[in-house]
Structures are given as structure tokens and as C-alpha cells.
Amino acid sequence: MNLRFIEAFVWVARLRSFTAAAAKLHTTQAAISARIATLETDFGVKLFERDKRTVTLTNSGEELLKHAEELLGMSARMWEAVSDRAAYGGFIAVGVIEPVVNTWLPELLRGLRQQFPKVRVEIHSYTSADLHEELLKGNLDLALTAEAIANPAIENSSICGFKMGWIVAPIARGNPPLSDVELLHDLPILTFLRNSLVYRDVVAKLGPYCVGRINPMSSIAPVVALVRAGYGLATLPLAVIASEFESGALIGLRAGPELALLPVIASRRRPCESPLVEAAVQLAIKTARIYASASRPGFVVVDGDHI
């Protein structure tokens with residue numbers, strides 16, 4: 001039995017689309033159709049019901065999917081146990097939130113390249129919610145985000161955490177200088193988007209009255225630029241702005257309530273049919289520990305437990 005045909009079947013079943021499965025597997029729709037037709041001939045059953053808009057599994061297809069996913073997972077474990085990583089020439093699409101991009105992602109990519117020199121790595125950086133959607137659609141193999149995905153088809157592991165702080169520029173204090181309490185209650189608040197864990201934490205800590213002062217933003221870089229210019233107060237991961245702290249361009253407030261840790265969770269499909277994915281998760285755990293060992297400010301390592 002050809003594993004490529006089984007893989008094609010699994011992705012058509014997951015994505016409910018021959019076109020999407022072809023894009024995922026970097027082949028043509030005709031090739032996917034041919035692989036499915038071969039499987040249907042070999043098993044003597046129809047695996048999918050198709051019309052112009054939808055693709056759904058038949059009863060036989062539902063039964064085959066259980067075994068097909070197990071088979072791909074077993075294949076991945078076999079490969080991991082005995083193969084030469086340097087010879088592997090696959091592809092992995094990884095979604096990463098911005099705090100990771102700005103801290104230890106370069107080291108993770110160097111590690112992947114060292115272990116899998118022939119593997120192509122594609123990086124996507126969006127919000128956690130968008131990355132979750134892309135993972136569930138099959139467009140990502142691994143997502144490093146701030147929240148676990150509550151789905152039985154997804155496996156989640158804790159990687160690390162970022163301490164958050166209330167951050168301003170010295171010029172925001174004014175003349176005469178405002179106190180930390182006055183800054184916290186008067187300045188505009190720059191934070192993450194509304195669907196984020198950080199936004200929800202800010203509202204929980206300051207109360208709903210603060211919502212009118214919040215400017216949700218989709219990227220850390222413009223937040224830092226605006227705060228450095230003296231506009232507003234920001235909630236930022238301390239490890240990301242370490243250089244600004246060292247130079248004195250940004251300072252932290254002592255008056256604000258303690259913000260929740262921003263976690264980093266590795267999410268991937270279960271069972272994991274690609275040996276690259278689990279290897280990348282283990283490498284992410286190792287990379288985070290090495291990063292923390294350099295006494296990085298505001299960076300916390302966790303044990304990598306499944307959650």
C-alpha cells in the first residue's frame with residue numbers, strides 16, 4: 001500500500017476538498033483524484049461522496065480514516081527511530097506569535113536547519129486566533145501560540161512563558177512628572193488585539209472602565225514605536241524589549257497590577273504523521289531552555305508537559 005495515497009486520503013478527509021489537499025501536498029488535483037480512485041479500486045468501496053461544493057466521507061471512508069491516521073502516525077515514529085535526519089527532504093509550515101519571532105525563533109530555525117538541512121521551513125506569524133484557524137484548516141503543521149486549542153484532534157504542549165509589564169517612555173511622565181498611578185489611570189493603553197489573552201487580562205485587571213482608553217494593535221513593533229514617542233502606556237513582553245530597557249528608552253511602572261504570564265503553547269495534530277513536527281516541538285522546548293539559561297529578563301521556561 002502506497003503511503004502517499006493514504007496521506008492524500010487523510011488530507012482530503014480533513015480539508016473536505018481535493019483542491020485544498022493538493023495544495024497542502026504540493027501536487028495537482030488530478031494527482032490527488034487519481035490516488036483516491038486507486039484506493040477506492042483497491043478496497044472495492046466508495047470513500048467520498050462528492051458534489052460541486054462539498055466532499056464528505058462515506059461510512060467506509062470514516063472507518064478507513066481511523067486506520068489511515070494510525071498508519072501515518074506509525075510511519076512517522078518508525079522514521080524518527082531509525083532514519084538519518086540529514087537525508088530527510090520534507091516540508092514543514094510553522095506558525096509563530098510575534099514574541100517568539102522577536103526572541104528565540106532564530107535559534108529554533110538554526111537548530112532545524114542543522115538537524116534537517118534538506119527540509120524546507122515556511123514561517124507564518126499572525127495572532128494566536130489566526131494561527132489556530134490555519135492549523136485546523138491544515139495550512140500549518142505546527143503552531144506556537146499563546147493559547148491551547150481545545151480540540152480532541154489537537155495535541156498541546158507548554159513551551160515557555162513571557163512576563164508582561166506596564167511600559168512607558170520617560171518622556172510620558174511630563175513636567176512636572178506624573179506618578180505611576182496617574183500614568184496608569186490617565187494614559188491611552190496600547191495592547192494586543194481584542195481576541196487575545198493579553199487584552200482580556202488588561203480588562204480583567206483594570207476593570208471595564210478602561211476599555212475606552214485601549215488601543216488594540218496587531219503588532220508589537222508599532223506599539224514600541226508609539227510608546228517610545230511618548231504616546232500612551234503599553235503592555236509588552238519584557239524579554240522582547242530588553243534592549244530598550246537597557247538603553248533607558250523605555251521603563252516599567254511599579255504601580256500597575258501584575259499581568260498574567262503570556263504562555264507559548266506548541267499545538268499540532270493528533271496523531272502526528274510527520275516526524276518533522278514532533279522533532280520541531282522537542283527542539284522548541286530545548287531552544288527555550290537554552291534561551292532562558294542566558295538569564296533573559298522576563299522569560300520563564302516550563303517543562304513541556306502536554307495540556
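The values are calculated or read from the model by the stated rules, or taken from the named source; none is laboratory data. Please read all numbers here as calculations on a predicted model, not as lab measurements. Backbone-built Cβ (ideal geometry, glycine too); neighbour counts: all protein chains shown.
Counting only residues that are aliphatic (A, V, I, L, M), more than 13 Å from ALA8 (Cβ to Cβ) and out of contact with any Phe, Trp or Tyr (no Cβ under 9 Å at 6 or more places or on another chain), region 29-70 holds 1 of them.
Of everything listed in (1) more than 22 Å from LEU184 (Cβ to Cβ); (2) loosely packed, with under 15 Cβ neighbours inside 10 Å; (3) in contact (Cβ under 8 Å) with a residue 24 or more places away in the chain, the single unmet condition for SER267 is (2).
Filter region 21-64 down to the residues that are surrounded by 16 or more Cβ atoms within 10 Å (Cβ to Cβ), farther than 15 Å from ASN2 by Cα and modelled with pLDDT of 85 or more and list them by number. Result: ALA21, ALA22, LEU47, PHE48, VAL55, LEU57, GLY61.
Restricting ALA292, ALA234, ALA239 to those that are assigned to a loop (DSSP other than H, G, I, E, B), in contact with a strand residue (DSSP E or B) (Cβ under 6 Å, 6 or more places away or on another chain) and small (Gly, Ala, Ser) reduces the list to ALA239. The set of residues in region 8-60 that are touching a residue at least 40 places away in the same chain (Cβ under 8 Å) and either assigned by TED's automatic domain parsing to the domain that holds ARG270 or more than 19 Å from GLY138 (Cα to Cα) (or both) contains only ASP42. Remark: GLY138 matches the filter, which requires a residue to be at pLDDT below 90 and in contact with a helix residue (DSSP H, G or I) (Cβ under 6 Å, 6 or more places away or on another chain).
Would you pick out the residues in region 250-277 that are modelled with pLDDT of 90 or more and over 30 Å from ALA68 (Cβ atoms)?
Within region 250-277, LEU250, ILE251, GLY252, LEU253, PRO257, GLU258, LEU259, ALA260, LEU261, LEU262, PRO263, VAL264 meet the criteria.
Would you tally the residues in region 9-19 being part of a helix (DSSP H, G or I) and more than 18 Å from ILE92 (Cβ to Cβ)?
Within region 9-19, residues that are part of a helix (DSSP H, G or I) and more than 18 Å from ILE92 (Cβ to Cβ) number 5.
Does SER293 meet the test of being without any contact (Cβ under 8 Å) to a residue 40 or more places away in the chain and surrounded by fewer than 18 Cβ atoms within 10 Å (Cβ to Cβ)? Answer is yes for this residue. Across region 23-60, the number of residues qualifying as out of contact with any Lys or Arg (no Cβ under 8 Å at 6 or more places or on another chain) and part of a helix (DSSP H, G or I) comes to 16.
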